[in-house]
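These notes concern the structure reproduced below.
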Amino acid sequence: LIKSVGKDFVNITVLVPPGAEPHTFEPTPSQMRAVANADLYIMNGAGLEFWMDRLLQVNKKMLVVDTSKGIDLIWESGGEADPHIWLSLRNAIVQLENIYQGLVQVDPDNRDFYLKNKEEYVQKLQSLDAELNQSFSNAHRKIFVVHHPAWTYFARDYNLDQVPLMENEKEPGPKYLGEVIDLARKNNITAIFVEPEFNPKAAEVIAKEMNASIIDLDPLAENYLENMRHAGKKIAESLV
């Protein structure tokens, strides 16, 4: 999202590398040095960067932008916000606006450049959102099963019901697993969506019980638009 607005005018360092787990991430000394030299830190927000305080100590002058500002957050039973806000094209539009405002604040001379890029990308997001909305409005079923519940905002956007195998962010117990298997059988669910960052053992057990296929969906894939299109297609196919 930052690259889509800033393009070659920004030099981006990603703290949580591909394949790493954001929930348990710890910044390295070299990453701390990169932060010390940054003009701007753009965070996901919604409680995902619980290690943020440590970063702020090394560079108190940099501007920090919370991209979750203005998003209608979904609150979990433990009183914490669901942090997977970017897995909603509608949320991404809000995040894009926050990123744009941050870039303009640190680099006002290039406001017009950032504005043009932002508006072009918003159109792409809106176009894909309309496409997915049409796709899901024709779906016969509304329930899809995931291992880790990352797709809550996506489900809200299209009036779907995400059923996670993980119970309160932990591997499920036999009772809960049995309930999910019953639900899946009653609804003829034939796919379980898993993420590369998690051990798919529970998903494999339930897939065998139901004769369902396991499909990989990566919430952190590099090409955002392409990934959201891919996820939408796979989830829609599972609801036919």
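The values are calculated or read from the model by the stated rules, or taken from the named source; none is laboratory data. Note that the structure is predicted; figures quoted are calculated from it, not measured. Glycine also receives a Cβ, built like all others from the backbone with ideal geometry; neighbour counts cover every protein chain displayed. Surface areas here come from the heavy atoms of the whole protein model, side chains and all, with no ligands, DNA or RNA. Shrake-Rupley method; radii C 1.70, N 1.55, O 1.52, S 1.80 Å.
Tabulated data for the structure shown
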quantity	calculated
Surface per residue (accessible, 1.4 Å probe) for the stretch 155-210, Å²	56 Å²
Mean ellipticity per residue at 222 nm, deg cm²/dmol - from DSSP H runs of n ≥ 4 across the chain, formula -39500 (n - 2.57)	-14000 deg cm²/dmol
Tilt relative to the chain, helix 201-210 - C-alpha long axis, 0 to 90 degrees, to 10	40 degrees
Pairwise Cα inverse-distance average, inverted: Kirkwood Rh of the stretch 76-164 (Å)	15.0 Å
Selected from 70, 173, 78 as most flexible by GNM, with the chain as the system and alpha-carbon contacts under 10 Å	78
The stretch 1-112: C-alpha gyration tensor shape, a/c 1.5 cut-off, then a/b vs b/c	oblate
Entries of 186/208; 201/233; 201/234; 170/234 with Cα pairs more than 23 Å apart	201/233; 170/234
Kirkwood-Stokes translational diffusion coefficient of the stretch 158-203, alpha-carbon pairs, 4 °C, 1.567 mPa s, µm²/s	111 µm²/s
Choice from 163, 104, 145 with maximal GNM fluctuation in the chain (Cα, 10 Å cutoff)	104
Sulfur and carbon atoms: percent of accessible area, the chain [1.4 Å]	50 percent
Residue 148 accessible area, assembled protein chains, probe 1.4 Å, Å²	10 Å²
Residue-level accessible surface for residue 58, protein heavy atoms, 1.4 Å, Å²	60 Å²
Added length on full extension, which subtracts the Cα-Cα distance from 0.36 nm per residue, residue 208 to residue 58	49.1 nm
Using a Förster distance of 30 Å, the FRET efficiency for residue 198-residue 8 (Cβ separation, nearest 0.05)	0.30
Extended-chain gain in nm, criterion 0.36 nm per residue less alpha-carbon gap, residue 124 and residue 106	3.9 nm
List 118, 175, 142, ordered by accessible area with a 1.4 Å probe, largest first	175, 142, 118
In the stretch 143-187, the GluC sites (Glu not before Pro) that fall in loop regions by DSSP, at most 16 other Cβ within 10 Å	169
Percentage relative contact order, the stretch 135-207, counting C-alpha pairs under 8 Å, at least six apart	35 percent
Identified option (computed Rg/Rh (Cα atoms, Kirkwood Rh); candidates (1) 1.23; (2) 0.94; (3) 0.99)	(3)
Relative contact order computed over the chain (Cα-Cα under 8 Å; 6+ residues apart), in percent	17 percent
Mean Cα-pair separation over length for the stretch 78-159, i.e. relative contact order, pairs under 8 Å, 6 or more apart, %	46 percent
Å² of accessible area per residue within the stretch 40-102, as computed with a 1.4 Å probe and no ligands counted	47 Å²
Reachable lysines, given that their alpha-carbon falls under 27 Å from the alpha-carbon of residue 69 and they are not under 8 places away in the same chain	3, 7, 60, 61, 116, 118, 124
